Amino acid sequence: MFEKRPFFVIGDLLSNAGAGAVVGAAVAQLVGDGWPLPAGMAAGMVLGGLVATILSAAASLLFGALEVMLPVMTTGMAAGMLVGMRAASGSARAPAAVGAAAGVAVLAATYILNARLRAGGTRWTP
């Protein structure tokens, strides 16, 4: 059920952590301390989605489009929103590390959800 080929597992991990780190750093540069929290979150989501689109296109050349794009795009938006809210509230310490951690969390959630959906698929289809 899980991807077991090391090249792709490491590629998934690096692409998600890397995308989260890049998005976190970019959003921290954009969103300032005086921003309202919803505006910081929205700007982080939009910028994260844009940056993740570019990064997922590059990573999909090596690791496959469908396998990379879903978690990397989700990582971009989640890391962007998280770092955007943190930056707007004035606690934007280590935004790249926060983004990378969000990327790893999104990847783990994606793997777990994929395993659960595949296990239940035998019940839904004859």
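When the accessible area of the chain is split by element with a 1.4 Å probe, what percent falls to carbon and sulfur?
75
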Any idea of the accessible area per residue across the chain, 1.4 Å probe, to the nearest Å²? 56
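Hey, got the dipole for the chain? About the Cα centre, +1 on K and R Cβ, -1 on D and E Cβ, debye to the nearest 20? If you can, show how the numbers build up before the last one.
Numbers: 7 positive and 4 negative charges, 70 e Å.
So the dipole magnitude of the chain works out to roughly 340 debye.
Can you tell me how the chain classifies by the Cα gyration tensor, rounded, prolate or oblate, using a/c under 1.5 as the rounded cut?
Working: a/c = 2.53, a/b = 1.92, b/c = 1.32.
Prolate is the answer for the chain, as a/c is 1.5 or above and a/b outweighs b/c.
The values are calculated or read from the model by the stated rules, or taken from the named source; none is laboratory data. All figures in this text were calculated on a predicted structure; none of them were measured in a lab. In this analysis, Cβ positions are derived from the backbone assuming ideal geometry, glycine residues included, and neighbour counts consider all displayed protein chains. Please note that ligands, DNA and RNA were not included when accessible areas were found on the heavy atoms of the full protein model with its side chains. Shrake-Rupley method; radii C 1.70, N 1.55, O 1.52, S 1.80 Å.
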